[in-house]
Amino acid sequence: MSADFLQPDPPDVENRPGFLQYALRGLGYVGVWVVLVMLFAMIGYVTDSLRGHVWEFNAYLTWSFIQWSTLALLLPVALWLAPHEAIEPPHRGRLLLANFGVSLIFTVTAVLLGAIVTNFVLPNTNIGEQLSEFLGKHAATDFLAYWLLVGVRQALHFYEQRMRRELHATRLAAQLAQSHLQLLRMQLHPHFLFNTLHAAATLTREDAVAAEDMLLRLAELLRTYLDDERQEISLREELELVDLYLGIQRVRFKDRLTTRVDVDPELPRYAVPNLILQPIVENAIQHGIGKQVGTDCVEIDCYRIATSLCIDVRNRNSMLAAPPGELFRRGIGLSNTRLRLKELYADGARIELGELLPRGVICHIRLPLKQLAATPSQRPMKIA
């Protein structure tokens, strides 16, 4: 596993708002205040009209202005002084009690300040009467306004908390998918390496050209396993890697093994998980011609169904040794492949096993049709 995936996630850094963002927030705050002033002035005017006793609209506008100006001035201060922690266990009771105390202080302060401001704006009014008026009509509104703002702050806190969890889960899923890719690289069967080197040594005297081709393919295959860190590559690159592997096996098994690859011409540019076919093709050979007498043919078909890229891998000389569910549980290559598809595409991809008649096994892979983003690590490959 590369060192990059052993490092902890970098801490989340809060983006501090700049002057423009502060200015926009201030304008939004003033805009909400203006809307509330007008709205409550109209509500008061309509209510008194229905009762048959109405003042001039400017009077309602003045009262609404005083009330909401008081709240607009006090709310930021109250929320700054109030507890900032999220109201959740294990300190939920303490935080609710603390906010309740602050809300009472806020309500009393708002009532007093409203009466004082009214006496200042309308000098002929009696401050005692105004205090009684604000206490009777506006105290409940002031109390609810504080708790409404507390509720909004709690909702924002839980939203940010959920976003942080989703980001962390995404990072973990990416690291887990990379771990499975690294495991697939390390899973190159030791018997495959031994048999390849042994076959090459045997062929050195009989067919030096074939031995050289086998060793060159093995070197290219191993270099790709070790160097390419991408999670997704193009279908063209994946098929070229598989052809390296199949080329080695064709030399090893000679006339007993044939291969066929059929690809829809529009599909090679689309993305597939790196090394998605390696364990599938390896299983097809290992459980087919590797264990059965006679000849075998490994076939790969790539085609499109709607918005899905489908890949079928078949061999013609084996049978399933157990039900597919059991094979996926105990087969490292198959289980890792299913987990990688789940991590990369959630429910958008699947892999299935089935038997062919009269003999043979098919592995069906279905992937979402996805364009491959160009990356500097992409390199041209060419199979001789």
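The values are calculated or read from the model by the stated rules, or taken from the named source; none is laboratory data. Since we're looking at a predicted model, the values are computed, not measured. Cβ: placed from backbone, ideal geometry, glycine included. Neighbour counts: every protein chain shown. Each accessible area value is taken on the protein alone, full model and side chains, heavy atoms only, with ligands, DNA and RNA left out. Shrake-Rupley method; radii C 1.70, N 1.55, O 1.52, S 1.80 Å.
Just to be sure I understand the curve: with the Debye formula and one point per C-alpha of region 194-336, what is log10 I(q)/I(0) at q = 0.09, 0.19, 0.22 Å⁻¹?
Log10 of I(q)/I(0), two decimals: -0.30, -1.29, -1.47.
Report the extension gain between GLU206 and GLN231 in nm, rounded to one decimal, defined as 0.36 nm multiplied by the number of residues separating them, less their alpha carbon distance.
My answer for the length gained is 5.0 nm.
Return the distance in nm (one decimal) between the two label points of a simple spin-label model at LEU197 and LEU20, each offset 7 Å from Cα along Cα→Cβ.
So the two model labels end up 6.2 nm from each other.
Taking amide hydrogens as modeled 1.01 Å from N in the peptide plane, which residues meet the under 5 Å criterion relative to VAL263, leaving out close sequence neighbours?
For VAL263, whose amide H was placed from the backbone, the distant partners under 5 Å are CYS302.
Send over a whole-number figure in Å² for the accessible area per residue of region 198-304, probe 1.4 Å.
Accessible area per residue: 45 Å².
Place a point 7 Å from the Cα of THR295 along the Cα-to-Cβ direction; which residues of region 254-268 have their backbone N under 11 Å from it?
Hits in region 254-268 for THR295 at 11 Å: 255-259.
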